[in-house]
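Structure first, commentary second.
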Amino acid sequence: MPDLLIELFSEEIPARMQARAAADLQKLMTDGLVEAGLTYSGAVAHATPRRLALSVQGLTAESPTTTEARRGPRVDAPEKALAGFLKSTGLTREQLVEQDDKKGRVFIANITKPGRPAAEIVAEVLDRTIRNFPWPKSMRWGAGTLRWVRPLRSILCILTDEAGAEIVPLTVDGMTAGDTTEGHRFMAPDTIRVTSFDDYEAKLKRARVVLSAEERADAIWQDATNQAFAAGLEVVEDKGLLAEVAGLVEWPVVLMGRIGDDFLGLPPEVLQTSMKEHQKFFSVRDKTGKIVRFVTVANRETADDGATILAGNDRVLSARLSDAKFFWENDLRVAKAGMDPWLDALSNVTFHAKLGSQKDRIERIAALAREIAPSVGADPDLAERAARLAKADLSSEMVYEFPELQGLMGRYYAEAAGEDPAVALAAQEHYSPLGPSDDVPTAPVSVAVALADKLDTLAGFWAIDEKPTGSKDPYALRRATLGVVRLILSNGLALAVSDLIAKARPDADGADLLSFLHDRLKVYLRDDGIRHDVIDACLTGDRTDDLSDLVARARALNAVITTEDGENLIQGYRRANNILTQAEEQDGVEYSYGADPKLAETEEETALFTALEQARPQIDAALAAEDYPTAVAALAALRAPIDAFFEAVQVNSDNQITRRNRLNMLSEIVRTGAKIADLTRIGA
């Protein structure tokens, strides 16, 4: 069974596209080979800045011969139908057989497809893969018609078995596949002939090319951290930057340089962002957290051990940081004099054509933050002040240059302006949480402003009917909704969300927005193992506004329904509700009052009355104290008497007084359970 090696050698592939391209090459090739009848034991793909490589192990040498029995027309069908069938199969009338079918006697064509050698199939699949490769962006170059992310220079494609390596016969757009590649562009540019994947990987490494992106990333991180440790420093971890830099080099050489003293006074986040965005440098900090050095990764070794490279990087970095320092000092002067000019400038920045300017939005958020403040333990004046200043940094020069620093710079500028620490912190935290793993603010003023910000966004877009549809969510409203959910639940807030929506935008469809919040809540709680039907059961009655209360009930209920008592309780409750509902529809009355223990005729009936009398005050007291585990436990304790009742008692007795009394008792069971949730929705 041969092994397949493919390399597509090109000019530099953008780092952000490499991992996806390697995965696409593997999927397109292996799917195509399997569809053509070949099997394999394993496959692995790699990417470097100049090559995509795929190794497929244990490939079958040829596809199997197959025979397909294709049903044709009836034997008494018109000649035209038979002629069409013969043309589609490539057979003659004499090669057909007749067979009985449920519709009569029909013609059957047994079509044999002979197996094909692996090389022929590989050539066909690779040709199709190259011509239809799903690059996010691609180009044509020269006189050819092929599109690739960057000019494609050569194709390596060989099948290797015990007899040796065989070049797969393939020509794509004038490029003929071979068994050669090239090493590092500068350090080993000569042609390399290979005979297998192991030979290919080993010879590339000798030619200063590390094929594995993971190996390059590990080497970068290990060398960078070792150099920093030797100097008593620490590299700031950045997995995204590490993956990107590993995609920029084939032979990583780690160099550590110094940051000029003039720039050490800049906020560490400014230094880190500027170096990352402009230079792809890692930040190195001392024990106090101050950024003092940088790490860069070169793509080659040099005779002077990187001194010339570092000198060039120092010059470029100094120019970049000089700009950052200029922005920082200018912004500080404005902030210390008062941020009103920045706020006034936001009146000229449109948030949305139908929702006004950023300044209009700030006014709405400030008013809503003041309303929310008492409910989250925040000072209303501070919450309003924080909301007014939270987005002022959008007008600053630093945020204009580095938008990702918005909020953080707002905190620095508010501190410089002498604002209350809670106001400054809210400027940074009010955007959070941005994602499912982002930290949730806990400071009361920050929580008030964060909620106001997100609720204003949601209510505003609902008011103008710009809701998410399908996979489209251009204004990140699902993210804002999840932010509201996490802010409320993480801080244990008791809030009437509908009231806040109405205060944010009276013209918004509050009921529809609340329903959308509930849907996102279900998604969020899925990872906690809380079932959707349990959430649905709790989304009834007049307590769906308070998300914390809703989730507390759901958690308590979810913990019980998976037990034997819980499962049987649900069945008994559903049976009670079904009997009661049918009787009320049949009789045209509501059985909700007048159950009398004195009219009980059996021990089981009396026992259920007694259990209900004991459970009702326990459940009411627990609900009043929002002690939902106790309330649910008291409800679950009814399981045994309910089971015994239904085993021994016929509810629809011939005696109408007895029947009515029993139906009223079932109503007691249903109404007692409904105080916690609509249990009929569980498992439905």
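Summary of values
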quantity: Evaluation of Ala231 against (1) over 26 Å from Glu277 (Cβ atoms); (2) of a type in the set (A, V, I, L, M, F, W, C); (3) assigned by TED's automatic domain parsing to the domain that holds Thr288 (one fails), failing number; calculated: (1)
quantity: Sole residue being more than 20 Å from Asp223 (Cβ to Cβ) and out of contact with any Ser or Thr (no Cβ under 8 Å at 6 or more places or on another chain), chosen from Lys287, Lys239; calculated: Lys287
quantity: Scan of segment 227-265 for residues that are in a loop (DSSP other than H, G, I, E, B) and among the hydrophobic types (A, V, I, L, M, F, W, C), ordered by number; calculated: Ala231, Leu233, Val236, Leu248, Val249, Trp251, Ile259, Leu264
quantity: Residue under evaluation Asp331, criteria (1) in contact with a Ser or Thr (Cβ under 6 Å, 6 or more places away or on another chain); (2) modelled with pLDDT under 95; (3) not β-branched (Val, Ile, Thr), criterion not met; calculated: (2)
quantity: Thr630 being closer than 26 Å to Asp533 by Cβ and in a helix (DSSP H, G or I); calculated: yes
quantity: Every pair of residues 6+ apart whose Cβ atoms lie under 9 Å, when the first sits in segment 606-631 and is closer than 19 Å to Ser548 by Cα while the second is acidic (Asp, Glu) and part of a helix (DSSP H, G or I); calculated: Glu626/Asp549; Tyr628/Asp549; Ala631/Asp620
quantity: Contacts under 6 angstrom Cβ, first residue in segment 651-678 being assigned by TED's automatic domain parsing to the domain that holds Glu601 and over 24 Å from Asp549 (Cβ atoms), partner assigned to a helix (DSSP H, G or I) and of a type in the set (Gly, Ala, Ser), 6 or more apart; calculated: Leu663/Ala583; Leu666/Ala576
quantity: Test for Ser437: is it closer than 21 Å to His518 by Cα, of a type in the set (Gly, Ala, Ser) and in contact with a Pro (Cβ under 7 Å, 6 or more places away or on another chain); calculated: no
quantity: Any hit, segment 570-586, residues being of a type in the set (Ser, Thr, Tyr) and touching a helix residue (DSSP H, G or I) at 6+ places or on another chain (Cβ under 8 Å); calculated: yes
quantity: Top-ranked residue in segment 544-569 [being in contact with a helix residue (DSSP H, G or I) (Cβ under 9 Å, 6 or more places away or on another chain) and of a type in the set (S, T, N, Q); ranked as surrounded by the fewest Cβ atoms within 10 Å (Cβ to Cβ)]; calculated: Thr563
quantity: Failed criterion for Glu35 (all others in (1) in contact (Cβ under 8 Å) with a residue 40 or more places away in the chain; (2) closer than 24 Å to Leu4 by Cα; (3) of a type in the set (D, E, K, R); (4) surrounded by fewer than 14 Cβ atoms within 10 Å (Cβ to Cβ) hold); calculated: (1)
quantity: Residue within segment 58-74 that is assigned by TED's automatic domain parsing to the domain that holds Glu201 and within 32 Å of the chain's Cα centre (by Cα) present; calculated: no
quantity: Failed item, numbered, when Gly541 is tested on (1) over 30 Å from Ile501 (Cα atoms); (2) surrounded by fewer than 17 Cβ atoms within 10 Å (Cβ to Cβ); calculated: (1)
quantity: Residue check, Asp509 touching a Phe, Trp or Tyr at 6+ places or on another chain (Cβ under 6 Å), of a type in the set (D, E, K, R), touching a residue at least 40 places away in the same chain (Cβ under 8 Å) and over 21 Å from Ala387 (Cβ atoms); calculated: yes
quantity: Hits in segment 322-365 - residues which are free of Cβ contacts under 8 Å to residues at least 40 places away in the same chain, basic (Lys, Arg) and more than 20 Å from Lys503 (Cβ to Cβ); calculated: Arg333
quantity: Residue in segment 209-223 that is assigned to a loop (DSSP other than H, G, I, E, B) and closer than 19 Å to Gln279 by Cα present; calculated: no
quantity: Qualifying positions in segment 272-293 - over 14 Å from Leu241 (Cβ atoms), in contact (Cβ under 8 Å) with a residue 12 or more places away in the chain and out of contact with any Pro (no Cβ under 8 Å at 6 or more places or on another chain); calculated: Asp286, Lys287, Val292, Arg293
quantity: Residue list for segment 509-521, restricted to those being crowded, with 17+ Cβ neighbours inside 10 Å and charged (D, E, K, R); calculated: Arg520
quantity: Any hit, segment 139-147, residues being touching a residue at least 40 places away in the same chain (Cβ under 8 Å) and either surrounded by 15 or more Cβ atoms within 10 Å (Cβ to Cβ) or within 30 Å of Thr67 (Cβ to Cβ) (or both); calculated: no
quantity: Segment 487-510, subset part of a loop (DSSP other than H, G, I, E, B) and closer than 16 Å to Ala367 by Cα, residue farthest from the chain's Cα centre (by Cα); calculated: Pro506
quantity: Subset of segment 93-115 [surrounded by fewer than 13 Cβ atoms within 10 Å (Cβ to Cβ), of a type outside the set (Val, Ile, Thr) and within 51 Å of the chain's Cα centre (by Cα)]; calculated: Lys113, Pro114
quantity: The one condition in (1) assigned to a helix (DSSP H, G or I); (2) over 34 Å from the mean Cα position of the chain (by Cα) that Glu269 fails to fulfil; calculated: (2)
quantity: Criterion (surrounded by 21 or more Cβ atoms within 10 Å (Cβ to Cβ) and either among the basic types (Lys, Arg) or at positive phi (or both)) met by exactly one of Lys467, Lys391; calculated: Lys391
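The rows are residues; the columns are (1) over 30 Å from Leu500 (Cβ atoms); (2) at pLDDT 90 or above.
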position	(1), (2)
Gly529	no, no
His532	no, no
Leu547	no, yes
Leu550	no, yes
Ala556	no, yes
Ile561	yes, no
Asp565	yes, no
Gly572	yes, no
Asn577	yes, yes
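The values are calculated or read from the model by the stated rules, or taken from the named source; none is laboratory data. As the structure is a prediction and not an experimental result, all values here were calculated from the model. FYI the Cβ positions are ideal-geometry reconstructions off the backbone, even for glycines, and counts take in every protein chain you see.
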